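Written below as structure tokens is the structure these notes are about.
The values are calculated or read from the model by the stated rules, or taken from the named source; none is laboratory data. What you are looking at is a predicted structure, and each value in this text was computed from that prediction instead of being measured. Heads up, the Cβs are rebuilt from the backbone with ideal geometry, glycines too, and the neighbour counts pull from every protein chain shown. Side chains included, ligands, DNA and RNA excluded: accessible areas come from the protein's heavy atoms. Shrake-Rupley method; radii C 1.70, N 1.55, O 1.52, S 1.80 Å.
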Amino acid sequence: MATLSISHISFLLVTMLIIVIPNHAKSNHYHLPEAVTDPGKVVNTPANGGIVENVPPKYLQNYRKWKGELLATDFGRTLWEKYARNQNFVLKITVSKEDNQGAGTGEYLWNEKGELVGATISLGWRLDKGFPGPVYFPVMNSISSFNVPGEISNEILAATKFMHEFGHVDMTLNTNHEVFQLQNNLIPSYNKILLSNGYNVKDPRLVDLAVKMGGTPVQIWENREYWGETTAMRYLLERVKTTDYYCSVVKKINYNVATFAQNYQDRFLTIANTRSVPSCKK
């Protein structure tokens with residue numbers, strides 16, 4: 001009997017979430033179906049860009065706390081101003097009950113030149129609760145060890161998730177739109193074949209699709225999530241850099257990355273070695 005590697009198991013789990021239960025996944029998701037398969041729309045470049053906050057009054061008080069924590073760091077303020085001052089790009093931010101403790105980024109808008117000119121970040125109304133698993137979210141998961149009185153607050157947790165979404169927008173802004181849209185258009189075809197062939201990833205049709213996309217759906221998905229996590233990491237480390245538990249947070253993130261994201265360690269080490277955060281002795 002053949003055995004399944006961790007990567008194969010993760011692949012099957014993500015595929016089932018994408019295809020079998022997309023509606024359920026959205027309420028607690030961290031980008032499983034919608035953001036991966038949203039090819040976006042072609043529109044005119046907006047005449048007036050910036051950040052548009054569409055937050056229902058009942059969620060406004062909590063949202064302001066999350067935003068306040070985001071803006072409590074130089075990195076957070078810089079990233080916010082980057083989009084607030086960009087008149088050629090509209091970033092919509094919403095809060096809804098539908099997303100619950102998770103968040104998502106999608107509704108991408110491209111102009112005829114292939115430039116990204118719009119996106120929407122959707123935050124769950126309970127964003128300050130809950131922790132995703134460490135496999136694809138090593139930074140956000142690390143907070144679970146420090147989410148106690150006197151350490152990392154619920155508001156900082158929410159802001160870290162918020163910054164993860166900014167990471168998705170930033171990544172997409174710097175991604176070739178043809179490649180991005182091709183991947184999102186072909187992922188459903190790949191998953192449909194995978195479900196019909198007994199999960200045979202060596203199927204020539206799947207191999208061909210993976211070559212065209214530049215990777216399998218899971219490889220594409222995890223690459224995008226880890227970009228979001230590096231943005232979250234830059235925020236979180238700056239936010240807690242003056243605390244006495246800072247190095248413990250770094251150690252937890254390092255453990256999660258080394259254990260679950262070995263192929264992406266360099267990406268996280270680049271953040272950890274910047275001058276904006278202090279170093280920790282091993």
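Observations
- Residue within the range 123-135 that is touching a strand residue (DSSP E or B) at 6+ places or on another chain (Cβ under 7 Å) and over 15 Å from L157 (Cα atoms) present: no
- Residue selected from the range 49-106 under the condition within 19 Å of the chain's Cα centre (by Cα) and among the aromatic types (F, W, Y), by the criterion nearest to E155 (Cα to Cα): W66
- Some residue of the range 49-58 being of a type in the set (K, R), open to solvent by 30 Å² or more (accessible area, probe 1.4 Å) and outside any loop (DSSP other than H, G, I, E, B): yes
- Residue within the range 14-23 that is over 18 Å from E225 (Cα atoms), over 18 Å from the mean Cα position of the chain (by Cα), open to solvent by 40 Å² or more (accessible area, probe 1.4 Å) and at pLDDT 50 or above present: no
- Options Y264, Y255; residue that is in contact with a Phe, Trp or Tyr (Cβ under 9 Å, 6 or more places away or on another chain) and closer than 24 Å to V135 by Cβ: Y264
- Some residue of the range 243-258 being open to solvent by 60 Å² or more (accessible area, probe 1.4 Å), farther than 25 Å from G106 by Cβ and β-branched (V, I, T): no
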